[in-house]
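Here's the structure we're looking at; comments come further down.
The numbers here are math on the coordinates, done by the rules we state, and not lab data. Keep in mind that this is a model prediction, so the values were computed, not measured. So basically every Cβ, Gly included, is an ideal-geometry build from the backbone, and we count neighbours across all protein chains shown.
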Amino acid sequence: MENVIIVGTGCAGLTAAIYTARANLSPLVLEGRLPGGQLTTTTAVENFPGFPEGIDGPDLIQRMHAQAEKFGARFQFGTVEAFEPGTPHRLKIDGNWMETKSLIIASGASPRYLGIEGEKTLIGHGLTSCATCDGAFYRNVPVCVVGGGDSACEEATFLTRFASEVYLIHRRDSLRASKIMADRALANPKIKPLWNTVITSYITDTNGDVDGVRLKNLSDGTESDLALKCVFVAIGHEPNTAPFRASLATDENGYLVQTTGTRTNIDGVFAAGDVADHVYRQAITAAGQGCAAAIEAERWLADSE
Ligand code: NAP
């Protein structure tokens, strides 16, 4: 029987691990399919407070990991397959059931990509899903954003601070985004919408970095090449909540719903970071929620004894 199991080793999970370990709860931390979470897919992180020179995403994660281990957090590789709430809560991990008094879910969200062959190898080489993280690396060069939702409009608008032009590539002829965000994006002279258009392949330079894209116009079937230095994919995120959806409240997009603070609708189960947050999605906000979840779990355990 565990005091607390933490699902996920991104910023939220590792911060929860540091705090629960320092509270002598000896947390068991599950490392899933992408140990370290989304930060491991980025290079320099320039907006995490305390690192004025910037820090590599994997390096930041490795430091948080070491910090949690130093205080007694235990790590285990494993993927949650099923969850049964109760006293205790039960988790099926790689075929084996485990029991825990409390649970912190910090399993994050996975950005959706286009599904083009070889795409995953380009992530961090001119292909990314995070303008806030990577936009500043593409100053005075053309870039594109793929998608037609609020994220795409927000990212495109943000990127105009750096890029020479921002192509907004959308598969239809109208945006899904809210009117205010769509209007703001379309009014920006640096944003050039390409309607009814999809990317069919990426063009790379001799270093293997993105140097352009091949486009297909869905209205007339014509194909063309567009030179640019980075593709920002903003076609939505998928919260990693599959094993929890049967018992925990989620919103219409599958994100876990927090009731008070990081509490979920099930007593003793807390949610932190991108698994419950589709608004901020930053390393620092995820870390903050991991801290809050740890404190709330600790207090919940003390009250339920
Ligand atoms: P979204 O609203 O689901 O939009 C995804 C966009 O990507 C859609 O335009 C969709 O095209 C396109 N798309 C999906 N799959 C594609 C594919 N395979 N190839 C090409 N295009 C594809 O996702 P989101 O923009 O990330 O927003 C998610 C939620 O967060 C929304 O509720 C949004 O309002 C919210 N959000 C709010 C803010 C804010 O208020 N500041 C900022 C960001 C997000 P179609 O239009 O053709 O379906």
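A cut-off under 12 angstrom between Cβ atoms defines the neighbours of residue 62, and their net charge, with Lys, Arg +1 and Asp, Glu -1, is -2. Taking 7 Å steps out from each Cα toward its Cβ at residue 46 and residue 82 produces label points 4.9 nm apart. In the calculated pair-distance distribution of the stretch 163-302, the portion above 24 angstrom amounts to 53 percent of the Cα-Cα pairs. When the helices of the chain are scored as -39500 (n - 2.57) per DSSP H run of n ≥ 4 and the total is divided over every residue, the value at 222 nm lands at -7000 deg cm²/dmol.
How large, in Å, is the stretch 183-266 by the Kirkwood hydrodynamic radius built from its alpha-carbon pairs? Roughly 16.8 Å, rounded to one decimal.
Among 290, 135, 95, which one moves the most in a GNM of the chain with springs linking Cα atoms closer than 10 Å? Ranking 290, 135, 95 by mean-square fluctuation puts 95 first. Using Cβ point charges alone (K and R +1, D and E -1), the dipole size of the chain about the Cα centre works out to roughly 300 debye. At a Cβ-Cβ separation cutoff of 4.7 angstrom, cysteine residues of the chain with no neighbouring cysteine are 11, 144, 153, 230, 291.
Once the Cβ-Cβ distance of residue 305 and residue 90 is raised to the sixth power relative to R0 = 22 Å, the FRET efficiency obtained is 0.65. DSSP finds beta bridges in the stretch 120-233, and of those with both partners inside it, around 45 percent are antiparallel. The residue among 91, 124, 138 whose Cα reaches farthest toward the positive pole of the charge dipole of the stretch 54-144, with charges on the beta-carbon of Lys, Arg, Asp and Glu, is 91. Summing Lys and Arg as +1 and Asp and Glu as -1 over all other residues whose Cβ lies under 9 Å from the Cβ of residue 218 gives a net charge of +2. In order along the stretch 93-102, the phi-based Karplus estimate (6.51 cos²θ - 1.76 cosθ + 1.60, θ = phi - 60°) of 3J(HN,Hα) comes to 10, 6, x, 10, 7, 10, 10, 8, 6, 9 Hz; Gly and Pro are listed as x.
Centre-to-centre separation between the Cα atoms of the stretch 154-181 and those of the stretch 278-293: 25 Å.
Across all Cα pairs in the stretch 27-82, the calculated P(r) in 10 Å bins from zero up to the longest distance comes to 23, 45, 28, 4, 0 percent per bin.
Summarised in one figure, the compactness ratio Rg/Rh of the stretch 120-233, Cα atoms and Kirkwood Rh, is 0.95. Note on the stretch 60-199: antiparallel DSSP beta bridges, both residues inside, total approximately 50 percent of the bridges counted. Considering only 246, 163, 12, the Gaussian network model of the chain with Cα springs below 10 Å gives its largest mean-square fluctuation to 246.
I need the per residue convex hull volume for the stretch 1-122, using only the alpha carbons, in cubic angstrom as a whole number.
120 Å³
Dipole orientation for the chain: of the candidates 188, 78, 304, 188 has the Cα lying most toward the positive pole (charges on Cβ; Lys, Arg +1; Asp, Glu -1).
Residues whose amide H lies under 5 Å from that of residue 93, counting only those 5 or more places away or on a different chain, are 81, 98; hydrogens are built 1.01 Å from N in the peptide plane.
Only alpha carbons enter this Debye calculation for the stretch 1-49, each as an equal point scatterer, and the log10 of I(q)/I(0) it gives at q = 0.13, 0.28 Å⁻¹ is -0.34, -1.01. An ellipsoid equivalent to the chain, defined through the eigenvalues of its Cα gyration tensor, has semi-axes of 38, 20, 17 Å when rounded to whole angstrom and sorted largest first.
Counting charges near residue 73 (Lys, Arg +1; Asp, Glu -1) among other residues having Cβ under 13 Å from its Cβ returns a value of 0.
Can you tell me the dipole magnitude for the stretch 1-116 around its Cα centre, using point charges on the Cβ only (Lys, Arg +1; Asp, Glu -1), in Debye to the nearest 20?
240 debye
Summing Cβ point charges (Lys, Arg +1; Asp, Glu -1) relative to the Cα centre of the stretch 120-233 gives a dipole of roughly 240 debye. Reported to the nearest whole Å, the Cα centre-to-centre distance from the stretch 15-71 to the stretch 228-273 is 20.
Would you please give the FRET efficiency between residue 242 and residue 53, computed as 1/(1 + (r/R0)^6) with r the Cβ-Cβ distance and R0 = 41 Å, to the nearest 0.05?
The formula returns an efficiency of 0.60 here.
Just to be sure I understand: of the beta bridges DSSP finds with both ends in the chain, what percent are antiparallel, rounded to 5? If I count the DSSP bridges inside the chain, around 50 percent turn out antiparallel.
If the segment from residue 259 to residue 172 were pulled out straight at 0.36 nm per residue, it would be longer than the present Cα-Cα gap by 27.7 nm.
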